[in-house]
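Notes to accompany the following structure.
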């Protein structure tokens, strides 16, 4: 998250391996414009989709950006869930700042 702060974002690290419901509740409480998720393994796809769906339900205007090794093979599935799939934070910033 330090990279995002250097780029001018106000960022909070929520931690790792949090349950989908806890992430969605925190997003609803903090009301961020964007949340960045990391999926390191393809086997985490169902958890990622559950998290995305819970965030969408509670915070429909929050942009969801997801990256990590596990997203590469599942990019189209994640995009169908209305997540922005990226390779790294730099690409995410370019997309969100309208430069890509």
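The values are calculated or read from the model by the stated rules, or taken from the named source; none is laboratory data. Quick caveat, the model's predicted, so the values are computed rather than measured. Virtual Cβ from ideal backbone geometry, glycine too; neighbours counted across all protein chains shown.
In region 60-68 there is no residue that is without any contact (Cβ under 8 Å) to a residue 40 or more places away in the chain, surrounded by fewer than 16 Cβ atoms within 10 Å (Cβ to Cβ) and touching a helix residue (DSSP H, G or I) at 6+ places or on another chain (Cβ under 9 Å). Residues of region 17-35 being out of contact with any helix residue (DSSP H, G or I) (no Cβ under 7 Å at 6 or more places or on another chain), surrounded by 13 or more Cβ atoms within 10 Å (Cβ to Cβ) and within 17 Å of residue 4 (Cα to Cα), which ones? Matches in region 17-35: 32 only. Looking only at residues of region 2-31 that are at positive phi and at pLDDT below 90, we find that the one that is farthest from the chain's Cα centre (by Cα) is 8.
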